[in-house]
1. On the given criteria, is Leu113 out of contact with any Gly (no Cβ under 7 Å at 6 or more places or on another chain), buried (at least 18 other Cβ atoms within 10 Å of the Cβ) and in a helix (DSSP H, G or I)?
2. Inside the range 84-124, can you point out the residues that are within 16 Å of Arg27 (Cα to Cα) and touching a Cys at 6+ places or on another chain (Cβ under 9 Å)?
3. Got a number for residues in the range 40-63 being outside any strand (DSSP E or B) and either touching a helix residue (DSSP H, G or I) at 6+ places or on another chain (Cβ under 9 Å) or among the charged types (D, E, K, R) (or both)?
4. Within the range 74-104, track down each residue that is in contact with a strand residue (DSSP E or B) (Cβ under 6 Å, 6 or more places away or on another chain), modelled with pLDDT of 85 or more and not in a loop (DSSP other than H, G, I, E, B).
5. Got at least one residue in the range 64-73 being outside any strand (DSSP E or B), out of contact with any Cys (no Cβ under 9 Å at 6 or more places or on another chain), over 16 Å from Gly111 (Cα atoms) and of a type in the set (Asp, Glu)?
Amino acid sequence: MAARKGQVTRPTDASVAGFLAGVPDQRRREDAGRLCAMMQEVTGEPPAMWGTSIIGFGTYHYRYASGHEGDAPLAGFSPRSQHLVIYLASEFGDRYQAVLARLGPHKAGKGCLYIKRLGQVDQDALRELIPGQAIKAPASGMPCIRYGARSLDRGTRSYQRCRLGQDLTGSRQR
């Protein structure tokens with residue numbers, strides 16, 4: 001039986017400021033700097049490099065029924081050459097169709113939001129999509145990510161109400 005592959009994307013000690021300074025396109029670099037500040041404000045977490053090209057905010061630990069587990073940022077983004085890629089909870093598009101309709105020009109994947117220019121999207125709508133804090137979900141005991149009044153329970157992959165003050169897990173862990 002082949003050994004399980006370890007988690008590929010992990011937090012590193014690389015400089016976020018150094019990474020952002022190295023973004024070749026000036027407009028993309030400026031957008032990335034503004035998005036970094038917005039995500040830090042919304043999540044309340046400092047930015048950290050995850051792998052070589054993802055800036056993440058906060059950490060939560062996940063474990064699936066299959067036994068696969070690891071750590072991931074609560075929210076993150078990467079300034080790619082064609083888009084700013086914003087990493088959100090999987091299937092966020094199903095839950096936030098009204099917010100996405102207000103957002104402006106974008107593309108959405110299962111757990112990613114692609115925007116060309118930060119100035120072309122509704123900033124308030126974007127803030128609504130960025131998870132604020134993780135708390136332990138009552139159903140599975142796994143972290144859930146707060147999105148306003150509803151939260152995504154990472155253990156059951158379902159949205160539900162989670163109570164604030166329940167085992168905050170949004171701090172950086174290694």
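The values are calculated or read from the model by the stated rules, or taken from the named source; none is laboratory data. Computed from a predicted structure; not experimentally measured. Every residue, glycine among them, receives a Cβ derived from its backbone with ideal geometry; neighbour counts consider all protein chains shown.
1. The answer is no for Leu113.
2. Val85
3. Matching residues across the range 40-63 total 7.
4. Ala75, Gly76, Phe77, Ser78, Leu84, Val85, Ile86, Tyr87
5. Among the residues of the range 64-73, not one is outside any strand (DSSP E or B), out of contact with any Cys (no Cβ under 9 Å at 6 or more places or on another chain), over 16 Å from Gly111 (Cα atoms) and of a type in the set (Asp, Glu), which makes the answer no.
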